[in-house]
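Right, one structure below, let's go through it.
The values are calculated or read from the model by the stated rules, or taken from the named source; none is laboratory data. Just so you know, these numbers come straight off a predicted model, no measurement behind them. No Cβ is skipped: glycine too gets one built from the backbone with ideal geometry, and neighbour counts run over all protein chains shown. Please note that ligands, DNA and RNA were not included when accessible areas were found on the heavy atoms of the full protein model with its side chains. Shrake-Rupley method; radii C 1.70, N 1.55, O 1.52, S 1.80 Å.
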Amino acid sequence: IFFRTEFFKWDPDMSTSYVNGLPKSKKITAPYLNRGTGKADPEDLKTHVTETSHIFVNFESSPGGGVTSLNSPLVPEKYTLTASEMKFVGEKIVLNGTPIKVHATIDLTTMTGMGRVEVLDE
């Protein structure tokens with residue numbers, strides 16, 4: 001046997017501490033790459049956002065290490081998209097049983113920025 005069942009036990013306190021570790025402003029990346037060049041592609045991000053009303057962002061250095069990738073739904077009234085920058089407040093999503101909203105600003109020349117999670121009371 002190559003795994004131990006202890007690794008798969010659910011601990012609700014771990015989930016709560018994980019979500020509570022995200023509200024601080026953290027470095028984020030927007031993983032939208034040109035399929036041909038593999039380089040950051042603001043046009044791909046703009047197309048994706050306008051066609052799907054969603055955005056993917058990666059929070060670097062998440063609680064527990066690694067990256068947390070979130071897919072946040074958007075409404076046009078809550079985001080601005082210019083030639084050089086995108087700012088948004090996402091709609092409610094649930095992360096590990098906790099309702100949250102993602103707030104972020106992305107520099108479209110580097111596809112990086114700062115973001116945070118707002119934990120909602122419900």
Neighbours by Cβ (under 7 Å, 6+ apart or cross-chain): first from the stretch 20-39, modelled with pLDDT under 75 and of a type in the set (Ser, Thr, Tyr); second surrounded by fewer than 16 Cβ atoms within 10 Å (Cβ to Cβ) and in a loop (DSSP other than H, G, I, E, B) = none
GLY90: within 16 Å of GLU118 (Cα to Cα), in contact with a helix residue (DSSP H, G or I) (Cβ under 9 Å, 6 or more places away or on another chain) and at pLDDT 90 or above, yes or no?
-> yes
Within the stretch 79-104, work out how many residues are surrounded by 14 or more Cβ atoms within 10 Å (Cβ to Cβ) and within 14 Å of VAL49 (Cβ to Cβ).
-> 11
Mind listing just one residue for me: the one in the stretch 64-78 that is touching a residue at least 24 places away in the same chain (Cβ under 8 Å) and polar (S, T, N, Q) and, of those, nearest to VAL49 (Cα to Cα)?
-> SER72
Residue ID - most open to solvent (accessible area, probe 1.4 Å), chosen from residues in the stretch 40-66 that are of a type outside the set (Ser, Thr, Tyr) and closer than 16 Å to SER25 by Cβ | GLU60
